[in-house]
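A short worksheet on the structure shown next.
Each value in this text was obtained by applying a stated rule to the coordinates, not by laboratory testing. These numbers were taken from a predicted model, which means no experiment stands behind them.
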Amino acid sequence: MTERTAATATFVLVHGAGDAGWYWHLTEAELRARGHQTIAPDLPCDNAAASLEDYAGAVADAAAGRPTRPSAGAGAGNPRDLSDLLVSYLG
């Protein structure tokens, strides 16, 4: 019998406006229990002057140096725009 090794991934979990990275704590626990890594940064929601670029920069900084792509999001205007920006930040 051969043992099958599951592939692991790093998930970037982006909370909605007015929330915090903690929003994803239950999801993070489940993913980590399965051997995955998670990143759930706090976005600059308390800064009324923060731009979409500031939000994307916060996520990109948290994910810096890890081979990953945005994986989950919850509200924040237009998540497609944020996803496109993150892809450009993360390469």
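The table for this structure:
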item: Gain upon complete extension [A9, R66; 0.36 nm per residue less C-alpha separation]; result: 19.5 nm
item: Full-stretch length increase - A17, A49 - with 0.36 nm per residue and alpha-carbon distance subtracted; result: 10.2 nm
